[in-house]
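Just below is one structure, and these are the notes that go with it.
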Amino acid sequence: MDDRAIIATTNRNFYRALASRDMRLMDVVWLHDDWVCCVHPGWAMLVGWKEIRPSWVDIMASGQPLQIMPSQVTMHVEQNLAWVTCVENITTHDDAEWRYAVAQATNIFQRVGDEWKMIHHHASPLPPPEGRARWGDVALN
């Protein structure tokens, strides 16, 4: 498999880990180092795997149905670094109501031996659709 295919698979596995609440897969995707970074929508930046991992555990333990479908995916590879940008189409279910939100995400990967590991994830909310008061306020029922 070439680098682009491996990176694409690793990026897909990141979103699969979220959708299936598979912390084991999330552990495989990320580099476990003290300088890796993660910014969840609306959160302060988390630095270091020891700080990032519990955030994913909490998100996955929430029990709230969560689906994140990336769209508008682009990839750039430069030697031992690669970055993937996408729009995250987020569907959640809360209090008997489905909600939809969108975020712009950047996922950065570093080659580690024959593998590509996530070293940075940053997701920021995109402006709400016209006529909506705030991000995440699109009911789908």
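Restricting to the range 19-39, and then to whatever is charged (D, E, K, R) and under 22 Å from residue 65 (Cα atoms), can you tell me which residue is surrounded by the fewest Cβ atoms within 10 Å (Cβ to Cβ)?
Only one residue fits best here, namely 24.
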Being touching a helix residue (DSSP H, G or I) at 6+ places or on another chain (Cβ under 6 Å), over 22 Å from residue 4 (Cβ atoms) and assigned to a helix (DSSP H, G or I), is that true of even one residue in the range 28-43?
-> no
Residue 63 is checked against (1) within 28 Å of residue 115 (Cα to Cα); (2) free of Cβ contacts under 8 Å to residues at least 60 places away in the same chain and fails just one. What number does that condition carry?
-> (1)
Answer with yes or no whether residue 108 is modelled with pLDDT under 95 and surrounded by 15 or more Cβ atoms within 10 Å (Cβ to Cβ).
-> no
Among residues belonging to the range 68-80 that are surrounded by fewer than 14 Cβ atoms within 10 Å (Cβ to Cβ) and within 17 Å of residue 105 (Cα to Cα), point out the one that is nearest to the chain's Cα centre (by Cα).
-> 69
Using beta carbons and a limit of 8 Å, which pairs, at least six apart or on different chains, have the first residue in the range 113-127 and closer than 16 Å to residue 90 by Cα and the second one aromatic (Phe, Trp, Tyr) and assigned to a strand (DSSP E or B)?
-> none
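The values are calculated or read from the model by the stated rules, or taken from the named source; none is laboratory data. All of these numbers come straight from a predicted model, not from anything done at the bench. No Cβ is skipped: glycine too gets one built from the backbone with ideal geometry, and neighbour counts run over all protein chains shown.
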